[in-house]
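Heads up, the thing below is written out as structure tokens.
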Amino acid sequence: MPAERAGYTVTMFLVDISPSMGATRTVELPPGPGGEERSVEMTNLEWALQFVKFKIQEMIFGGRKTEQCGVIVFGSDLTANIVNKKHGGYEHVEEYIPIATPNSGTLVRLDELRPSETYGDPIDALIVAVETQDAYLERKRTWTRKVVIVTDGASPIETEDWEKTVKKMTGLGVSLTIVGVDFDDAELPYFEEDKSAIKRVNESFYAHLINSLPEDLGLLGTLSRALLSLSYPNVKETKSTLSQTMLRLGDVETREEEALQIGVRVAKCTALARPGGWKRFFGSTMESDDDDEEGERKTIFRELQKRTEYLIDRSPGDAQGKKDVPVDASVDFDEDELQDEDESQLEKVEKENLIKGFKHGSTYVPCADGHFLKLNTKQGIDILGFLSEKNFNRAYPLSEVSFVFAAPSSAPDQVAFSSIVQAMFEKGVLAIARMVRLDGSDPKIGVLAPRVWPDIDLMLWAQMPFADDVRHYTFPSLTTLISRTGERITKHPYLPTEDQLDAMGRFIDDMDLTDEGEKDENGKLQPWFDPRLSFNPTIHRTKQALFHAAVVPDIATHPLPAPHPELTKYFEPPKRVLKRSREALEDCIEVFKVKEVPKKVLKNRKDGHVRAADEDEDMILLDSKGPPKKRADATTSPISQAHKQRATSDSETETESEGEELLLPTKPRDGPGLPTPTASPDPELDPQRAPGRIIGNTFPLRDFRKNLSQGDVVTKAVEDMGVVVREIVERPFSGRRKDEVIECLKVLRETCLKEDEIDAWNDILKGLKADCLEEMGNKAFWSELKKLGRGISLISSSEAEKLGATSNLSESAAEAFIQQ
Amino acid sequence: MPPYDDWNVLVEEEEEELQDTSFFEGKRDVILFCIDCSESMQELRDDPVYEDVKTSHLLTALDAAMQVQKKKVISGPNDWVGILLYNTSRRNENNTRTSEIKKGTFVYQHLAPVSAPSIQELMGLIDEARGDPDTLKNKAPPLQGNKIPMGDVFTSCNWVLRDSAPKTASKRVFLITDDDNPNPSNTKLLTSARTTLIDLTQSGCQIEPFFVSTPEKPFDVTKFYSSVLPSNVVGNEQEDTGVLPDSISITRMDDLLEQMRFHEQPKRALFSIPLELGKGFTIGVKGYGLVTEQRKGSHKYFVDLGNRLEAVTSRTAYIDEEKGAEVDRNKALFGMKLSGGADQLTDSDNKIGLGASRVVRAGRRPFYTAEEVQSFHTMGLEPGIQLLGFKSRKELSFEDNVKHSLFIYPDEPKYSGSKRTFSALLQKMLEKKKIGLARVLVRRNSSPVFCAMLPQAEKVEEGGWSEPAGFHLIVLPFADDIRAPPLEKEFRASSPSKDAAKVWIEKLLIKKGFEPDSYPNPSLAYHNAQLQASAFREEFDAESFEDLTRPKYDMIHKRAGNLLKEWKKAIATDEHFNNVVLTTGTKRKADISVDEAEVRSKYESNMLDKLRVDQLKEFLKNKGQSVTGKKADLMGRVHEWLQMHP
């Protein structure tokens, strides 16, 4: 058998289309969106063809001209094959698709296959296939030959003379795979009950046939397992090419005798593989042709072609801010405008009329070539110095990793290189180097790490950041907090306590993965997770999806099966570890008391003032699909709508426990009035601010304004403000804060009117009144409010209508409320 | 930049990288320099660098503002800058652009996109001031008597920003002053400063102070500013925590520019997602890109409209060629390329048309929608970091790298308690020398990756940048990304050779390790220098350009030259030095390996012409020489090389 190499293969698919293949079966589908079980009815033939189509799809995907196949059907009503032509016989065997490089047309033809009315003999078909293949490969003796039989094994087989065929196949090195519908499989495991006698005989015959072939040429399996194995992630191995360059140290031009220069080769060690292969399609429905007997409408999907268009906005006066700014170019022509403006204002420009250039502030610098003079550089890796391994910052490497080997054809280079690698390895140092891939290309800075392997010494290269590549953001210290008076704070909700540190320590110990993997060949437990076994789920899922869509007629009725378990095996921590760490986790939850702060719900400001975006919004922007302008108006983008709904539903589920806390102002708390943190570790952020609240009791008005201005947490802010006001009023000595509270209420009322929180205001005020007029209430405060009169009372419908809102209160009721 | 849906949708090659850059380009940064012009700022001092030159804090501040603009014009050409002076008696002339600002403040440079002319104008002023120290006093005479209330300064800043700055930008005020108590013993003014500053920050503007501290006049923030500056100056804390804001930067005047460099780019988070440590134990984190390869800006297209050049935006259109019509990108479906050949299509297919197409019964859809494709990318996961467990620090090897790392820091406003939890995790992991393993999906349109969580301890450096505390997320390669080594066996040097190498390695050890700041990207600098020269209409002087990343030859030879010589001798006597390498290359290729000894003997006996062209080429290739030309050229080159290397 010739050496296995990619391509240069002819695979013959022999498909059984005897009447028995028309039996229908129920194939399970992945659960539907609601988790319901789903299934689809299809014939055994359709099911078997899925396998064939997958195999062919893989060939199309690989895109090799030398990966060819042909399809022969047996049990066909027709007889059309070369053996029959020459010698007669071999009936009901049809060469359905001649050997060629497959394409989408091949798949279309396969879809047209239907179960026949007659039986055909698989051994006849096998002989035809081997002959047809041999004739085709007459001048291509080195090609790999494969035959795949797909059958249900339910039809009689002529079991004479098959030994001769086996002999011939062995001689030609033809490999044979038999895929059987519902064949017994001990490994799956699957055993068909009430198997027909003929199928039982056929199965054992097939097994015998396969066993008679040389070991590496025969394979027998059941269809369901074959289909499953197709979704197993299969890494496409790429051989890294060696590109030659020089390793240098010192000045090799003028001080050659004390400089070194070694011929080396560089090859990729890691290279990001990306999912891909998607093309865009668009379907259009067409009326049926007259000669189409079924008379049904069809949809034709065509691949779309990409075209780059260049657009220009010729109306400088219209673009906002442009006329005022004394510059010679459009300054505000950015994404916002582009999205917003009617396309008609934009004009297409031909590519030939364009000038290349660079943006330099608001001015442009034309540059005909698209680049300036390049730095004159010489190919090679120049060592700049060495650094100790312990000074190496593992967060710096910013590229894929490359191997660096000594030139394979030069012993002196190998010896020289090896001596450096070994010396670096033993000293525990890395080299800092500057690499120029080709003469004239941009230099990169990086490090070379020595590796001493059993039979070879090599280095690994990774690119490191230039000064320009590091962003010096400043972050507040996590350990050193300084108070406003300049003193160091040692107890603060931001600083973990001893208890918290201990709990975290136990959690880390219990979540250790060191001995959680498989055993190696010496029986030693390996760590859980190995990059070499972690398949990129996206790549393999995408491939699975691509293939699936290519072989099924409709995604809705034939949904994509679940991803192969191999793809998601590292998605969750191992069960054993989860179990072991459960207690430590509970402790952590208990001592850290982390709480999600209610999400802000985006809302339009009524005053039409566009507030500056804060950085969080961009996160949402990135998540959503709409153009940026629309972010303020969440309802226009379906995804932010989803956000919103999620946000609401989240808070709904939380109110069960948390809401109660919020709404019960009388809930006893420890020393809520103390302005300083309590001596015991207190996880609360602000002793004056109840957990989960965004308004504190110390500066309620400031908190309230801040929240309003920052993001629209209006509903939450109004609600919290109401609770806070009622709390303050209830407390002893609240008279001291009378003016402040009244101010709060005024602002709150105004906000409620503007922000359509009218019901919230009315509820708060009613609650406040009830509080005040209770036995132990603050009657004095209510009389203060009464003095303010109608202006502070409930919001009536007439008031609300002015602002386009609604209220279910009449004006007179509002008037009366404050008087009583 | 590409239109939004282009980088928002999916499937584009290098999708994630594209997002990162467009994210940064997409937002404009506005900086308003707000510089104190009082007497002490204008006082003349000896220049720390040049002899017999006088300078002042104000001049240094203006110089720093100019330098920042010079950088911005290239790194952020869409950014805006302006300069406001205060404590000066100069008044703005009547202008229609902004509201009348407070007395004592003066807009020297209007808020506008950075541009070559305005930078040149500022450069002119600075040059003039260097020549004649009184220039600035005349241009911006210091206010006599009482200083103006800081509240007025903040109000002016607010008005200037409100009236001129583009609405979607990030806005910052760089406050430069040497006065730690501008409005002494006046609590009313203090309160008004405080409230006006709150107004300023509430309108979405951040303030970044640069307080000038000198030995004669140290700056005490607690006198005034610590009670004025809100703790949310950084913009990401919601509540007043009673903690001094971290961004109060006190700087010596000489360090001003250095200090500003750290603030040059506004701090922008790439993502804000939950970090789930365990079920029911989730904190919030924000992610930042602290190391990202900074590339040359790609060229853009312009069209000449006669009186001006106008930038052109590009857009990808999707065309149904059969119909010759454009298809709404949102209506396109996704599937696998149909290979073009129509040769096997049935008759009815051929009638339908040319090109790749697929025909199904109406109502059927053998293609995916964009949402479905996205779900294949995300594997149905929501954005977030899922901790999987902990491993020994040693397990993170050098070769497990494919791209730059990300940095995460707790996001307290999203989950209260994030900071203490994060801090505890960090401290304990450092103590136990552990790394975390996590499954990470940063955005709804990205793909899940596995990352090592490498804890970073806080390191504070004197006066400069410190390593912040947090975790680096190092993206691990998948099995699909890992390549097998193409070579597996080569000759190994013996001990004497190795020992000889150790000696010079020792001499060339850089004690501080790798410091990115020592290596500015030369090709980027070369490009930018030309860009700037062209914009300023100056001649580009290639001669004066210095590539700081070139090896320091003199240092290398001085320290290790002789040792390298010794090492070479040791190598030449190594047992394997003269071995002939057996090439096991493909059969098609003739054996072209030729060892140096053979070439040299041919050269000495003047029989170089006995070697074949491919052998000559191989030899030259190994010596890093050119392999072009005819046989005579090659022989000449070999001759030359052997002569040079006796």
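Determine, yes or no, whether A:THR538 is touching a Ser or Thr at 6+ places or on another chain (Cβ under 6 Å) and not in a loop (DSSP other than H, G, I, E, B). When the stated conditions are applied, A:THR538 passes them.
Quick one: in the range A:751-783, of everything that is among the acidic types (Asp, Glu) and surrounded by 19 or more Cβ atoms within 10 Å (Cβ to Cβ), which residue is farthest from A:ARG726 (Cα to Cα)? This residue is A:GLU755. Quick check on the range A:479-496. Is at least one of its residues in contact (Cβ under 8 Å) with a residue 60 or more places away in the chain and surrounded by fewer than 20 Cβ atoms within 10 Å (Cβ to Cβ)? Yes, the range A:479-496 has at least one match.
Of all residues in the range A:219-241, those satisfying the criterion of being surrounded by fewer than 17 Cβ atoms within 10 Å (Cβ to Cβ) and within 14 Å of chain B (Cβ to nearest Cβ) are A:TYR232, A:ASN234, A:VAL235, A:LYS236, A:GLU237, A:THR238, A:LYS239, A:THR241.
For residues that are at pLDDT below 85 and under 30 Å from B:LEU270 (Cβ atoms), scanning just the range B:25-54, find the one that is most open to solvent (accessible area, probe 1.4 Å).
Of the range B:25-54, the ones at pLDDT below 85 are B:25-28, B:45-54.
In the following step, the residues that additionally are under 30 Å from B:LEU270 (Cβ atoms) were identified as B:25-28.
Values: B:GLU25: 99, B:GLY26: 20, B:LYS27: 26, B:ARG28: 20 Å².
By that ranking, first place goes to B:GLU25.
Going by the conditions given, is B:ALA501 out of contact with any strand residue (DSSP E or B) (no Cβ under 6 Å at 6 or more places or on another chain), in a helix (DSSP H, G or I) and facing chain A (nearest Cβ under 7 Å)? Yes, satisfied. Filtered by the rule that a residue be more than 7 Å from chain B (Cβ to nearest Cβ), without any contact (Cβ under 8 Å) to a residue 60 or more places away in the chain and open to solvent by less than 20 Å² (accessible area, probe 1.4 Å), the range A:385-427 gives a lone residue, A:VAL421. The set of residues in the range B:106-147 being assigned to a strand (DSSP E or B) and within 17 Å of B:LEU85 (Cα to Cα) consists of B:PHE106, B:VAL107, B:TYR108, B:GLN109, B:HIS110, B:LEU111, B:ALA112, B:PRO142.
Answer yes or no as to whether A:GLU775 is among the acidic types (Asp, Glu) and part of a helix (DSSP H, G or I).
Values: among the acidic types (Asp, Glu): yes; part of a helix (DSSP H, G or I): no.
Against the criterion (among the acidic types (Asp, Glu) and part of a helix (DSSP H, G or I)), A:GLU775 does not qualify.
Return yes or no: is A:ALA423 aliphatic (A, V, I, L, M) and touching a helix residue (DSSP H, G or I) at 6+ places or on another chain (Cβ under 8 Å)? Yes; evaluated as a whole, the condition is true for this residue. Within the range B:462-471, identify whether any single residue is over 25 Å from B:LEU257 (Cα atoms) and open to solvent by 10 Å² or more (accessible area, probe 1.4 Å), and answer yes or no. Within the range B:462-471 (the criterion being over 25 Å from B:LEU257 (Cα atoms) and open to solvent by 10 Å² or more (accessible area, probe 1.4 Å)), the answer is no, since none of the residues qualifies. Scanning the range B:438-488 for residues that are basic (Lys, Arg), in contact with a strand residue (DSSP E or B) (Cβ under 9 Å, 6 or more places away or on another chain) and over 30 Å from B:ILE248 (Cβ atoms), we see that the one that is modelled with the highest pLDDT is B:ARG439. Scan the range A:366-376 and give yes if some residue there is polar (S, T, N, Q) and at the interface with another protein chain (Cβ under 7 Å from one of its Cβ atoms), otherwise no. Checking the range A:366-376: not a single residue is polar (S, T, N, Q) and at the interface with another protein chain (Cβ under 7 Å from one of its Cβ atoms). Looking across the range B:283-300, just one residue is at the interface with another protein chain (Cβ under 7 Å from one of its Cβ atoms) and over 28 Å from A:PHE466 (Cβ atoms), and that is B:ILE283.
Listed by first and then second residue, the pairs linking a residue in the range B:375-403 that is part of a strand (DSSP E or B) to a residue that is buried (at least 20 other Cβ atoms within 10 Å of the Cβ) and of a type in the set (S, T, N, Q), with Cβ atoms under 9 Å apart and 6 or more places separating them unless they lie on different chains, are B:GLY384/B:THR282; B:GLY389/A:SER581. Across the range A:447-466, not a single residue is classified as without any contact (Cβ under 8 Å) to a residue 12 or more places away in the chain, within 7 Å of chain B (Cβ to nearest Cβ), open to solvent by 10 Å² or more (accessible area, probe 1.4 Å) and touching a strand residue (DSSP E or B) at 6+ places or on another chain (Cβ under 9 Å). Of the residues in the range B:533-552, at least one is open to solvent by 30 Å² or more (accessible area, probe 1.4 Å), at the interface with another protein chain (Cβ under 9 Å from one of its Cβ atoms) and part of a helix (DSSP H, G or I). Among the candidates A:GLU203, A:GLU160, the residue that is open to solvent by 80 Å² or more (accessible area, probe 1.4 Å) and assigned by the TED database to the domain that holds A:GLN50 is uniquely A:GLU160.
From the list A:GLY63, A:GLY105, pick out the single residue that is small (Gly, Ala, Ser), within 14 Å of chain B (Cβ to nearest Cβ) and open to solvent by less than 10 Å² (accessible area, probe 1.4 Å). Selected residue: A:GLY105, the only one of A:GLY63, A:GLY105 that is small (Gly, Ala, Ser), within 14 Å of chain B (Cβ to nearest Cβ) and open to solvent by less than 10 Å² (accessible area, probe 1.4 Å). Within the range B:170-203, how many residues are part of a loop (DSSP other than H, G, I, E, B) and open to solvent by 30 Å² or more (accessible area, probe 1.4 Å)? Counting residues in the range B:170-203 that are part of a loop (DSSP other than H, G, I, E, B) and open to solvent by 30 Å² or more (accessible area, probe 1.4 Å) gives 5.
Picking from residues in the range B:608-626 that are of a type in the set (A, V, I, L, M) and not in a loop (DSSP other than H, G, I, E, B), the one that is nearest to A:ARG265 (Cα to Cα) is B:LEU620.
Within the range A:14-27, does at least one residue satisfy the condition of being touching a residue at least 24 places away in the same chain (Cβ under 8 Å), touching a Ser or Thr at 6+ places or on another chain (Cβ under 6 Å) and closer than 14 Å to A:ALA129 by Cα?
Narrowing the range A:14-27 to residues touching a residue at least 24 places away in the same chain (Cβ under 8 Å): A:14-23.
Checking the rest, the ones that are also touching a Ser or Thr at 6+ places or on another chain (Cβ under 6 Å) come to A:16-18, A:22.
Those left that are additionally closer than 14 Å to A:ALA129 by Cα: A:16.
The answer is yes; a qualifying residue exists.
Screening B:ASP134 on (1) open to solvent by 70 Å² or more (accessible area, probe 1.4 Å); (2) under 16 Å from B:TRP80 (Cβ atoms) shows it passes everything except condition (2). Any idea which of A:ASN536, A:ASN522 is of a type outside the set (D, E, K, R) and under 30 Å from B:GLY335 (Cα atoms)? The conditions single out A:ASN536.
The values are calculated or read from the model by the stated rules, or taken from the named source; none is laboratory data. Bear in mind the structure is a predicted one, so any value in this text is a computation, not a measurement. In this analysis, Cβ positions are derived from the backbone assuming ideal geometry, glycine residues included, and neighbour counts consider all displayed protein chains. These accessible areas exclude ligands, DNA and RNA; they are computed on the full protein's heavy atoms, side chains included. Shrake-Rupley method; radii C 1.70, N 1.55, O 1.52, S 1.80 Å.
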